[in-house]
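Nothing in this text is a laboratory measurement; each read-out follows from the coordinates by a stated rule. These numbers come from a predicted model, not from an experiment. Methodologically, a virtual Cβ is constructed for each residue, glycine included, from the backbone with ideal geometry; neighbour enumeration extends over all protein chains shown.
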Amino acid sequence: MQRITVQTTPIEGQKPGTSGLRKKTHVFMGPHFLENFIQSIWIGIGGVEGKTLVLGGDGRYFNDRAAQVILRMAAASGARKMIVGRNALLSTPAASNLIRLRGTDGGIIMSASHNPGGPDEDFGVKFNMSNGGPAPEEVTDRIFAATGTLTAYDIVETQDIDLSRIGTTNLAGMEIEIVDPVADYAALMETLFDFDAIRALLASGFRLRFDSMHAVTGPYATAILQEKLGAPAGSVVNAEPLPDFGGGHPDPNPIWAKELMDVMFADDAPDFGAASDGDGDRNMIVGRGIYVTPSDSVAVLAANAHLAPGYSEGLKGVARSMPTSRALDRVAEAKGLDCYETPTGWKFFGNLLDAGRVSICGEESAGTGSDHVREKDGLWAVLLWLNILAVKRQSVAEIMDEHWREFGRNYYSRHDYEGVDADKANALVDELRGKLADLPGQDFARLTVETADEFAYDDPVDGSRADKQGIRIGFKGGARIVLRLSGTGTVGATLRVYLEDVESDPSRMHRDAQEALADVIAAADTIAGITRHTGRTAPDVKT
Ligand code: G1P
Ligand code: ZN
């Protein structure tokens, strides 16, 4: 076993995005690419010497190889200890929990989340801090700066470590503890939810289907839903994590989780359906014959969380990312809770959670979570839904109906234009930015603009500022359009257009969202010139 220093040169394009560094897998596998980035993480966090980190990933292609490299580099740079999920697997929320539970200095999560996996698909690496949450921009900026000046990295030359057996081993003086990836996480869930009530619900004939999409939640969902809560075998489907997610796109939305949607809209549909993404932090909730948008889901969870033991004392406050619909704001207002609006990306919730200002957060992109960890958490959302259903004994459709009647319905949809030429996408945003000041008072598709600005966020906890976080156009009566470019894509630019309108007339609360939003959709195209700039006449994905 030998510690060596390898000469290298900076590699371009290693700037972490909304959630860590994501690239095509073959790019990550290229000479020095992973190594340069990992060494830059060590530099960005002020060195890894003497530190203890958690390591795990979503099991996608290259997960196992990358783990070996990271362990050898951590040992070479003097890390004290690495806590690794068996077979280098950890869901993102489980990794966040482990960091917090063990009081480590942080962790490395290998994942490109909901992006497909495989040699021709995506891979990613993300650093989380000692609070269990994604590194803030100040740290990712330092990591990125280091990637630009790197001249060498340190690594130990050795055989692969056997990561398949739970226990402790040693690598060049560094301790490696291999842990069951599920146990601690499952124990945490048991402290938050009334498992007896959920067990009783499931024993009463209530049927559930959880689609793991061949990603990391398979073992978690099987252990918790089937083994602990008694859902019959077969309730968790696509439960075996595969390096290419079975060729699928592990993003829990009606497009990519179509198999589940079809089951839930069939005549003999189960009572409750859910899915999670590649690394287990996203969730999709669907009742028999009804899809619940993530924006509605977080609002329902906030309105009913007190029914679960972990939240029985009420919420401290709530937060949503800016493009997420304002359904949550309505609940917060009714309950007298503070409601924060943050930029896209879970990292912006971290300070609010750490400061005890909020208990529940959500993003329109199928992300929901609470202060139990510092990541969004797919299975947590599913369990909170089940806990609420177990207490209320209503169907998902009944719960939604009641919720809309009480708070009003925020129709919502996101239109994505993928793989757009980056220059064209930037031109669209630049042009729109230039005319924001003139928009108020103008009419588009029967809607009158009331406000138009570019979102900037001043963190109320540490005073840091994030600007250029998306363009917001508000209309009289409550409709809203938000436009921003994705920070997680790996090919060209993705333009995201978020559309929202408010309905308080109960007789108009059961329309198709695209139909209900037709005017807002038309206004978005006219105002932003989407077709003119991109040449696209329709979005690639509507969620
Ligand atoms: C997307 C979502 C965002 C989420 C992120 C990581 O980022 O929109 O809400 O936090 O993935 O899961 P985007 O590609 O829009 O930058
Ligand atoms: Zn994810």
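Report, please, the projected area of the chain averaged over directions, based on the convex hull of its C-alpha atoms, in nm².
Here the figure is 23.5 nm², rounded to one decimal.
Distance between Cα centroids, segment 486-543 to segment 169-232: provide it in whole Å.
36
Would you mind working out the magnitude of the charge dipole of the chain relative to its Cα centre, with +1 at each Lys and Arg C-beta and -1 at each Asp and Glu C-beta, to the nearest 20 Debye?
Here the size comes out at about 380 debye.
For F265 and D430 in the same chain, what is the full-extension length gain: residue separation times 0.36 nm, less their Cα-Cα distance, in nm?
55.2 nm
With a 10 Å radius around each residue's Cβ, average the other Cβ atoms per peptide and rank 429-441, 99-111, 192-204, highest first.
Descending packing order for the listed peptides: 99-111, 192-204, 429-441.
Using each residue's phi in segment 440-447, evaluate 6.51 cos²θ - 1.76 cosθ + 1.60 at θ = phi - 60° and report the 3J(HN,Hα) Karplus result to the nearest Hz, with x for Gly and Pro.
My calculation for segment 440-447 gives x, x, 7, 9, 9, 6, 6, 10 Hz in order.
Which value in deg cm²/dmol, rounded to the nearest 500, describes the helix-derived mean residue ellipticity at 222 nm for the chain, given -39,500 (n - 2.57) per DSSP H run of n ≥ 4 and division by the residue count?
Taken over the chain, the calculation gives -9000 deg cm²/dmol.
Highest first, please rank the peptides 149-155, 476-482 by the mean number of other Cβ atoms sitting within 10 Å of their residues.
Descending packing order for the listed peptides: 476-482, 149-155.
Please pull out the direction-averaged projected area of segment 494-543, using the convex hull of its alpha-carbon atoms, in nm² to one decimal place.
Result: 3.9 nm².
So if the hydrodynamic radius of segment 427-493 is defined as the Kirkwood radius over C-alpha pairs, what does Stokes-Einstein give as its diffusion coefficient at 20 °C and 1.002 mPa s, in µm² per second?
159
Calculate the all-directions average of the projected area of segment 276-334's alpha-carbon convex hull, and give it in nm².
Dividing the Cα hull surface by four gives the mean projection, 5.3 nm².
Could you line up V449, V298 from fewest to most neighbouring Cβ atoms inside 10 Å?
Placing the least packed residue first, the sequence is V449, V298.
Compute the Rg to Rh ratio over segment 1-79 from the alpha carbon atoms, using the Kirkwood formula for Rh, and round to two decimal places.
Result: Rg/Rh = 0.93.
As a footprinting exposure proxy, order D459, D279 by other Cβ within 10 Å, with the fewest listed first.
So the residues, fewest neighbours to most, are D459, D279.
Divide the volume of the convex hull of the Cα atoms of segment 422-543 by its number of residues and quote the answer in cubic angstrom per residue.
143
Quick check of the Kirkwood formula: for segment 343-487, what is the inverse mean of 1/r over all pairs of different Cα atoms, in Å?
Final number for the Kirkwood radius of segment 343-487 is 18.3 Å.
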